[in-house]
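Note sheet for the following structure.
None of the figures in this text is laboratory data; all of them are computed from the coordinates on show. Predicted model, so just to flag it, every value in this text is computed and none were measured. Neighbour counts are summed over all protein chains in view; Cβ atoms, including those assigned to glycine, are modelled from backbone coordinates with ideal geometry.
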Amino acid sequence: MEKNNILKCIAIGSVITAFGVFGYVVNASNMVSYLSEDPKVCINCHVMNTQYATWQHSSHRERATCVQCHLPQASTVDKMIAKARDGFNHSVAMTLRTYEHNTIRISEDASRRIQGSCISCHKELVSQMIESNKSYQTDPDGPLVERRCWDCHRLTSHGSTRSLTTTPNNLGVKELYNTSR
Amino acid sequence: SINKHKVEQQAMNALALNSLADIKKFESRSSEWGKYYPRQYDTYRQTRQSDKIEDVLKKDPALPTMWAGYGFSKDYNGPRGHYYMVEDNINSLRTGAPVDDKTGPMPTACWTCKSADVPRYMNEKSELDFFTGKWARLGDEIVNPVGCADCHDNETMALTITRPYLIRAMDNEGSLPYADATYQDKRSLVCAQCHSEYYFKPTEWTDPEGNEQVAKVVTFPWDNGFTVEAMETYYDDREFKDWTHKISKTPMLKAQHPGYEIYMTGAHGLNNVACVDCHMPYMREGGVKYSSHNVASPLDNMANSCMNCHRGTEKELRETVERKLERKNELNAMATSVISRAHLEAGKAWELGATEDEMAEILTDIRHAQWRWDYSIASHGSFFHAPEETLRILGSAINKGQDARLKLRIVLAKYDAADYVVPDFSTKEKAQKLAGLPYEKLVDDKMKFQNGLRKEWVESGKQKGLYDPKAWENIEFKTSYSK
Amino acid sequence: SINKHKVEQQAMNALALNSLADIKKFESRSSEWGKYYPRQYDTYRQTRQSDKIEDVLKKDPALPTMWAGYGFSKDYNGPRGHYYMVEDNINSLRTGAPVDDKTGPMPTACWTCKSADVPRYMNEKSELDFFTGKWARLGDEIVNPVGCADCHDNETMALTITRPYLIRAMDNEGSLPYADATYQDKRSLVCAQCHSEYYFKPTEWTDPEGNEQVAKVVTFPWDNGFTVEAMETYYDDREFKDWTHKISKTPMLKAQHPGYEIYMTGAHGLNNVACVDCHMPYMREGGVKYSSHNVASPLDNMANSCMNCHRGTEKELRETVERKLERKNELNAMATSVISRAHLEAGKAWELGATEDEMAEILTDIRHAQWRWDYSIASHGSFFHAPEETLRILGSAINKGQDARLKLRIVLAKYDAADYVVPDFSTKEKAQKLAGLPYEKLVDDKMKFQNGLRKEWVESGKQKGLYDPKAWENIEFKTSYSK
Ligand SMILES: [Ca+2]
Ligand SMILES: [Ca+2]
């Protein structure tokens, strides 16, 4: 509880920083559109094109948007926290080019959030797993199911290869959209 | 349909609640647990479907020669479904034909991995009590096959290890002390209770009546690690032997199914894919996922086991697995042919008067060659679980076996038998004769036991209220020796 | 910086257009192509970084014995970067010390996989002309290492196969006729032009002047398939031999780097992961994506190769690869020790007067054992590309080699030498002496060649305007024999 409040303060702080300091990024990357759920906002950055393409070809294209998996489905405030965090990370990364290697990796924090999203959509189906997990729960406010869903559902949403190697010709999906708009 | 799911959901949770109701601790009759967990129980009973007996000795007649003087030369089959484990243990010619609770070749330890009555009994008496005496002593106590109680806590249903020797072994080995085992680890450890290499460690103790006893305690030789080399040194350091080979006089080792140990070296083990992920995959029924308890070949259910994690078609993946099996079969056939001949050639050398000195090095080669061969294939699944480790070890077994034969030729030459040709052992029967095995008699005695002592066990088991009739429904008498 | 990306992206597209500009067909000077494709060219030149010479004969002194009487016993190193292939080909003691265009041990075929001048020359003259005569004949024609022209069409930049023998081999083999090869297939086939097992097939033809000639045409023995067994029968059926072993008199086969063939049996090949996916991964520079042309060990660049497809850490994956290497090294050491001894023991048998009849079967075993060993490891990467196939084949090589030695003991015994012990060959020098190799002389002659004929080649190459200076920048003279 305590911890959470502090987090939220920091979060709101960093929302401001993120948007302030990287103001120019905002128009450069239409960051405002972050606040929408439209997957296309994610490909404001070409580095996201692979994920867009793999998602677009996945079983979830019709089921879930990027943010529905990647952002907490719970409260809007949590959403804000997450967006702030990502927005910050992403802008930093874009600007400092910390992602020069092909393989962007999911962060521990982000994958916890996704796990939450999977469960929130598939509650019924995995209710037994949630039951079982209780007996082994190490960290009380850890995920309802410790083991990542995609340890088994390796292909869900992004397939098992997510990089330029899978979608070498997907640079410019965004451009396609822009022209088709 | 979402609503339908919801309904089933409630039914399901209801059960979950009830489950806190009355299942006795260490209840060894799975039907009692089944009342609360129908899905798991029904699938558990489906292991009955895998009922074929594969006579391995017949398939490769080199084996009776390699095991000459040891139980495995009498009778050895491929594994069947869990449903049959007590039945097969009792039927095997290896367990012989006791006439009372003090006779028969085997110790009580042979029940250890066959029944949910084992934790129950250990809990009522003591572990050392369980491991003391002849196999026949517990004939009316061990009456049900592996069951819920082997792997589950009766109250929480959490996975639990019911075999203390596994916990000791993990702690001695050190890389994963039991206390550090995660949920995911347990999804393999419940299997490792049984699917691991073991030996019987003589242990002195004093029973409640104050009598000195020697228990034969199932022990995993893991102190130096899980590899074939680590266990080899473990046994060598202790000058341990399972038996002395009847023909070559070699102090031999038997490797029993190091399934867990070798799996860890494979692509799946390294990626923390648990036994259960493949052998007990989640099933979807209506709105819930539960674990299939039909522990069998995942190739019969690739959709649920393999295909979640793998792209491509079942057909392609199946072919890949088949190629792995062919590779193993190829080197395995070479190894058994080489090692069986080494035994016979050594026998000839002794016969011609070879000395201990001349033979010492040779026997060590044979001991290690056969140990390695056995370790690499005894778990049956190794060709898939750890194809590379399996092939590596088979390669080294072939090399050591051939080294022994090379040295033997030099000895044989010394006694003017350089061109000695081993006798024909191309069938199970011929091979067992070479091993001096009174096969007919073994079978006759066994049948007497089946119609005598065994029937008494069942009766007494029923009186004690241990016997679970549902665990014995329509079992056909199938063995390698029944005509 | 986002704006910067956008600019780069446009720049990239611009280049793509220019590329239609003027590159000559079969232009063998890569610097010419580099003008339009700076990123590919720069990374291509980075193969210079891998410049260490690993003297394999020194690492395993069994090899000079196994290759006694054959070029490989003189000099054999691990591969270096593509940048060095002509340099190393010329420096190798295997190519000897020609004094004019008619001398020297090797045929022109030895240039085949070393240079972008090969397709150029074949196109100007003819394939059969190229394959005719001594290696030295083309010393001033083959002056640049592998280049863009080996793999690319000058106009479209599409991947193309420039070696006709690969197309013929694919069509003869039949499972993937060249006409059916997909884009993804080509991402491996460009490599298969060179990283494949070959032999020289004598082929008669009449040159433009009407003279009868015999060309030694590089040929892939794929008619029966890609496996070690399929090629073994291919050669046996044709009673083909690369040379007769100097010590054991065995009609031998040499397997040269069947990299493409064995890769197909591994997890990656089966999943259609191309050579290029790992050895030339896509790189990103801001907005621009291109294929790294620094063909080297992917372990130096795991983030861009492995980690595209694999979870877990680089460290874990690297350890897995190391374990694969150790397994191969273990069986490989056994195989070379066994086979080298077999040669020496066979030599002894001949020396004592063994007959053709007595030796026939033994020599076949040795021929097949060494062929298998060589096939399994000669491509260097097999331990990773196809660990299981590599270990399987090594196992069978060990077994056949030991069978030969066993039979040899019986023959030796017949001539009262059952306890014969092979001489010491524990160093490269000792082993080469045993093989009767005049090492010092080979080196002296080579140095004369380096300072003589080779210098003339360079001059004449420059005059012909073929020589690309950028392909020869700061190459240090590094060989196994230079002190
Ligand atoms: Ca054992
Ligand atoms: Ca060859």
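Key figures for this structure:
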read-out: FRET efficiency, 1/(1 + (r/R0)^6) with R0 25 Å, evaluated for C:Lys470 and C:Asp444 via beta carbons; value: 0.15
read-out: Per-bin percent of Cα-Cα distances, the protein assembly as shown [10 Å]; value: 2, 8, 15, 18, 18, 16, 12, 8, 3, 1, 0
read-out: Among the listed pairs B:Lys483/C:Lys400; B:Lys186/B:Lys470; B:Lys315/B:Lys483; B:Lys324/C:Lys246; C:Lys186/C:Lys470; B:Lys249/B:Lys446, those beyond 32 Å (Cα-Cα); value: B:Lys483/C:Lys400; B:Lys315/B:Lys483; B:Lys324/C:Lys246
read-out: Positive-pole candidate from C:Thr206, C:Val217, C:Met231, dipole of segment C:194-234, charges at beta carbon; value: C:Met231
read-out: Segment B:280-312-segment C:436-472 distance, computed between alpha-carbon centres (Å); value: 65
read-out: Scattering profile of chain C at q = 0.11 Å⁻¹ [log10 I(q)/I(0), Debye over alpha-carbon scatterers]; value: -1.00
read-out: Entries of B:Lys241/B:Lys441; C:Lys114/C:Lys462; B:Lys35/B:Lys289; C:Lys348/C:Lys430 with Cα pairs more than 21 Å apart; value: B:Lys241/B:Lys441
read-out: Label-reachable residues, segment B:185-200, where backbone N falls under 16 Å from a point 7 Å from A:Ser111's Cα toward its Cβ; value: B:185
read-out: Per residue convex hull volume, Cα atoms of segment B:335-452, in Å³; value: 137
read-out: Charge dipole (segment C:24-150, unit charges on Cβ, about Cα centre) - positive-most of C:Cys113, C:Ile90, C:Gln46; value: C:Gln46
read-out: Computed helical MRE - 222 nm, chain B, DSSP H runs ≥ 4 contributing -39500 (n - 2.57), nearest 500; value: -14000 deg cm²/dmol
read-out: B:Glu356-C:Lys315 pseudo-label distance in nm [points 7 Å out on the Cα-to-Cβ vector]; value: 5.2
read-out: Span-rule helices in chain B, defined as complete DSSP H runs reaching 18 Å or more along the axis (Cα) with Kyte mean at least -1.0; value: B:2-18, B:314-351, B:356-377, B:387-414
read-out: P(r) weight above 22 Å for segment C:155-266, C-alpha pairs, percent; value: 41
read-out: Förster radius 22 Å - calculated FRET efficiency between B:Phe240 and B:Ser126 (Cβ-Cβ, nearest 0.05); value: 0.30
read-out: Shape call, segment B:45-140: gyration tensor on alpha carbons, a/c limit 1.5; value: oblate
read-out: Taking the convex hull of Cα positions in segment C:221-291, its mean projected area over all directions (nm²); value: 7.4
read-out: Contour minus Cα-Cα distance for B:Asn272 and B:Glu459 (0.36 nm per residue); value: 62.8 nm
read-out: Pairwise FRET efficiency - C:Lys52 versus C:Ser31, Cβ, R0 = 25 Å, nearest 0.05; value: 0.50
read-out: Relative contact order, percent, chain B [alpha-carbon distance under 8 Å, six or more residues apart]; value: 21
read-out: Cβ-based exposure ranking for B:Tyr415, C:Tyr44, B:Tyr467, in which fewest neighbours within 10 Å come first; value: B:Tyr415, B:Tyr467, C:Tyr44
read-out: Other copies of C:Asp237: label-to-label distances in nm, shortest first, labels 7 Å along the beta-carbon direction; value: 5.6
read-out: Loop trypsin sites (Lys or Arg not before Pro), segment B:62-138 (other Cβ atoms within 10 Å of the site Cβ: 13 or fewer; DSSP); value: B:Lys102
read-out: Extreme residue, positive dipole direction of segment C:380-483, given options C:Ala404, C:Ile393, C:Ala417 (C-beta unit charges); value: C:Ala417
